[in-house]
Every structure is written in structure tokens, then in C-alpha cells.
1. Do the conditions hold for Val369, that is, is it in contact with a Phe, Trp or Tyr (Cβ under 7 Å, 6 or more places away or on another chain) and modelled with pLDDT of 85 or more?
2. Taking segment 252-270 as the region of interest, how many residues are more than 17 Å from Leu64 (Cα to Cα) and either in contact (Cβ under 8 Å) with a residue 24 or more places away in the chain or buried (at least 19 other Cβ atoms within 10 Å of the Cβ) (or both)?
3. With the checklist (1) in a loop (DSSP other than H, G, I, E, B); (2) under 26 Å from Leu89 (Cβ atoms) in hand, flag the one item Leu160 doesn't pass.
4. Is it fair to say Val5 is β-branched (Val, Ile, Thr) and within 29 Å of Leu293 (Cβ to Cβ)?
5. Kindly indicate which of Ala105, Ala88 is among the aliphatic types (A, V, I, L, M) and either surrounded by 20 or more Cβ atoms within 10 Å (Cβ to Cβ) or touching a Phe, Trp or Tyr at 6+ places or on another chain (Cβ under 9 Å) (or both).
6. Could you please give the count of residues in segment 58-74 that are of a type outside the set (Asp, Glu), touching a Ser or Thr at 6+ places or on another chain (Cβ under 7 Å) and farther than 18 Å from Ala215 by Cβ?
7. Give just the number: which of (1) surrounded by 18 or more Cβ atoms within 10 Å (Cβ to Cβ); (2) at pLDDT 75 or above; (3) in a loop (DSSP other than H, G, I, E, B) does Trp228 not satisfy?
8. As an exercise: evaluate Ser393 against (1) assigned to a helix (DSSP H, G or I); (2) crowded, with 21+ Cβ neighbours inside 10 Å; (3) modelled with pLDDT under 85 and give the number of the one condition it does not meet.
Amino acid sequence: MQGEVDAATKRWILILCCLSQFMVILDVSVVNVALPSIRADLGFSAVDLQWVVNAYALTFAGFLLLGGRAADLLGQRRVFVFGLALFALASLAGGLSEGQGELVAARAVQGLGGAVVAPVTLSIITTTFAEGAERNRALAAWGAMGAAGGAAGALIGGVLTDLLGWQWILFINVPIGAAGVIGALRFVRDPEGGPVGERHFDVAGAVTVTAGLMALTFGIVRTDTEGWGSPATLVPMAVGLALLGLFVLIEGRWSRRPLVPLETFRSRSLTAANVVVFFLGSSVFAMWYFVSLYMQQVLGYTPIETGLAFLPMTFAIAVASTLAGRLVSLLGPGRVLSAGMALVTAGMIGFSFVGTDGTFVGDILWPGVIAATGLGFSFVPVTIAAVSGVERSRAGLASGLVNTSRQLGGALGLAVLATIASSHSASLAANGEPLPQALTGGFHVAFLVGAAFAAAGALTALGALARRAPRPRPASVET
């Protein structure tokens, strides 16, 4: 724990962590509705435009583990300040960009800053709030802000782009990041004794896992333009898997102080939570993407109308996340997580019935609220399960792991479902179906496969976590 932290300081720390998490997750999706404006302004080709999104996703996924472990080795306060400052400066550079290369490079540096901020916010909460009801309430707020950041991206991006210009989806991060740096210097303190253990950096492990995750993510995000059978996707994916295999060998046999000690995965709760959050990312990331496309390409919604349509889902996430923290204290994370993933499954199945003449209430509102409620009931307990009972010296590592699993699940799920949807739509169009019907048919299949991913997560939670009753954290872990 961070010494004797008074209640007022804890509230400020929680606000700071929630705001930072919202900002980082928001930037994964906020650029989507601004892409046409960016393309027109900077002259991107249709193929190159994807890198405005993928440059962020690539470095974000690749450096999450390293960012999480850095907080354990260098101190939470120092790493948090560095990550926020880097994110804000990269956002400023991106908004001032006058060329394609400048914007893509700025987005990549943004992703690096996000990879530092996301796990350290969770690590700070884990070491600041006592395990049990207090931490569950804090994680509920943190989870709600993170989930809301993903859902609110379309609305915020649409409003800023239409009213002020696409540059403001980046400029808005500057004052938030600056306020975060001031708040971190004022309120955040490292746990008693500072960073735990010897400051030895597992350079070989850090290089292989970061390069492996980046290569794997690069291959995955290239599938939307190159296809799954192309050497341009298969080679980097194979290289990434080989590097990750080498990383496991380094951690298990050669490193005297591993970046990711393999005995960490002896924790059934942490391992199962990472599997479930992978499936959660695989289904929910794709859901936002396809629902947004359906509203704009089939129903003809404007960007702002699309963003407003997501508001009930954002509200559902906030309410469910708040309730989830309380329910976990009563029932344990596994039972709440199983129910949440089941609701995500039901919502995805509901979306598989969308029609070309669909309505907001009949085709978007009810399945969206069900899925969003499930997300709120899933994101909080899966995070609690991932960090439950973790030693203070590995809080950043556990945080980095759960964020990495979610990000990789989202990237892989979106790539798989986008390929399935595109192939089915092309097949329907080749057989004479009008474009709206062909697009909707592709969405139907994608939503059903996404529902299968969510169902796999529900079954994993039910089998590996639901029987585990909530238990107090051993006193020895706190010392």
C-alpha cells in the first residue's frame, strides 16, 4: 500500500487514473469518424489511411508489457508522469502535422505513451486501495471510464471533427495530459520502500516480447488490405510467434530476473482472466466497429448521429460497471464475469438480425444496451480477477498482461471478423444482391462469430473462475 493515504487523496488518485484511462482508450477509436477529413486534408491513399489507426494500435499493443513492468522497477509516479507527458506531446505534434509521415509518427509515439499510462493506472489503483470492497469500487470506476472511452469515441470524434476540425481530436489530449502530469506530481506516491527488488532490466526479454507483439500485431492489422494468405501478413505473424516463443524460453531458462516470471501464470485467477479478456476484446472491439458501419453505410446516419446513437450504450456501461464492483464483493468476480459475458453473447446475437430497413430502437438500441451492460459486468470483474492476490512488486506486470490480452484480442478479433464480413458481402454482391443487403449479410455473419467468441469467454469464466469465492487478501502480500 502507499503508506497512510487519506480518503481525499485516494479520491484524487482515482479521478486521475480514471481520466487518464479514458483518454488512452478513447484514442483507439476517436479517429475513426475523422478519417475522411484526414484523408482529404493530408492526401492519404485508401491503403495508407489505415496507418493513422494502426500506428497507434501497433505501439500500444507492443509496449504494454514493458510499460507495466517499468512501473514495478522504476516507480509508478515517475513512469506515470513520463507516459502522460509523452502522450500529450505526441498529441500536440499530431495535431500540428502537415504531412502524412508526421501524423503517422505522432500516432505511433502516442501509442507508446498509452502503453505506459494504461497499465500504470491499474497498478496505482491496485497498490493504493485495499483488496476487497474498497478496491472493487475503485476498479469499477476505472473500468467504467475505460469502457466508456471506447464507446464515446465516435461521438467525441464526430463533434470535434465537424465543429473544430480533425486536429482537435488530438489537441484535446494536451490540456488533459498536462493536468494529469500536475495531478500525478501532486498526489501519486510510490508504495512504501519505492520500487521493489533489484533494478535489473531483462533486456533480451524486453526486446523479444516487444518485437514479437509488434510483429504479430502488424501482421494482424495488415489482413484488412493484404488478406490472410499473403506473405505480407503471414511472415510478420510467423516472426512474431517465433519471437514470443523465444521470449518464453528466455524467461524460463536464461534470465536471472525475468521481465515476466513464468510462475506468475501459476495463478489460476490471473491466467483465466487473461483468457477471458482476450475473448472479450475479440467480440466487443469488433461490435463497435460493425455497428458504426451499419449505421453509416446502411442506415445513412451522419457521424454525429452515429455518436449520439452510442450514448445509451455508454450509459449502460457506466451503470453496469458501478453495480459490478458491488456484486463482485458479494458473489466473487467469476460469477459476475460469467453473467456479463453471457449478456455480451446475447447482444451480439441480437445484432445479427439487423436489417436494411432497420430502426434505431428495433435494431440498435436493445441489442446495444444488452451488450453494453454485459461489457460493464465483464470488464470490471475480469480486471479484479487479474490483479487479485498479486504481490505489490508485480502489480504493474499483472496490469500490463491484462491490457495486452485485451488489445491483442481486439486486434485479432476485428481482423478475423472484418475478413469474414467482407468475404461474405463480396459473395452476396457477386450473386446479384444490392449493396445494402450484401453489407448487412456480411455483418450478420460477423456478429454471430463475435457472439461465439463471447460465449467462449463466458464458458471459460464459468469453468475457471465462477467457483472461486471472494477471499480477503493475505496480510503477507501487503507488506
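1. When the stated conditions are applied, Val369 does not pass them.
2. Total satisfying the criteria: 7.
3. Failed condition: (1).
4. It is false that Val5 is β-branched (Val, Ile, Thr) and within 29 Å of Leu293 (Cβ to Cβ).
5. Checking each option against the conditions leaves just Ala88.
6. Of the residues in that region, 2 qualify.
7. So the condition that Trp228 fails would be (1).
8. All conditions pass for Ser393, except number (2).
The values are calculated or read from the model by the stated rules, or taken from the named source; none is laboratory data. Values in this document were obtained by computation on a predicted structure and should not be read as measured data. Here the Cβ is made from the backbone with ideal geometry for all residues, glycine too, and neighbour counts use every protein chain on show.
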